[in-house]
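The values are calculated or read from the model by the stated rules, or taken from the named source; none is laboratory data. Just so it is clear, the model here is predicted, and its values are computed rather than measured. As a convention, Cβ positions derive from the backbone with ideal geometry for all residues, glycine included, and neighbour counts pool all protein chains shown. Heads up: the accessible areas ignore ligands, DNA and RNA and are worked out on the full protein's heavy atoms, side chains in. Shrake-Rupley method; radii C 1.70, N 1.55, O 1.52, S 1.80 Å.
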Amino acid sequence: MTGVAATAAPAAAQERVVVRERTVVRHTGPRYRGRWHNRRVCEKRWRHGRRVTVCRTVRYRR
């Protein structure tokens, strides 16, 4: 019994928890409003008797 307790104690002491905080920068204000962004729009179409996925890039303003 003493051998199990002696080996379990050093293993628990070597555990490390690393906590990292993520910084999210959000831009607001007149400089960042009304900007153009791209979005991918996909739709299924029939081409030559087969159903094909057709994607295009659409620009929109935020």
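Restricting the first member to region 17-45 and to residues that are at positive phi, and the second to residues that are open to solvent by 100 Å² or more (accessible area, probe 1.4 Å), the beta-carbon pairs closer than 6 Å and six or more apart or on different chains are GLY34/ARG61. Selection of region 7-62 for residues being of a type in the set (Gly, Ala, Ser) and modelled with pLDDT of 95 or more yields only GLY49.
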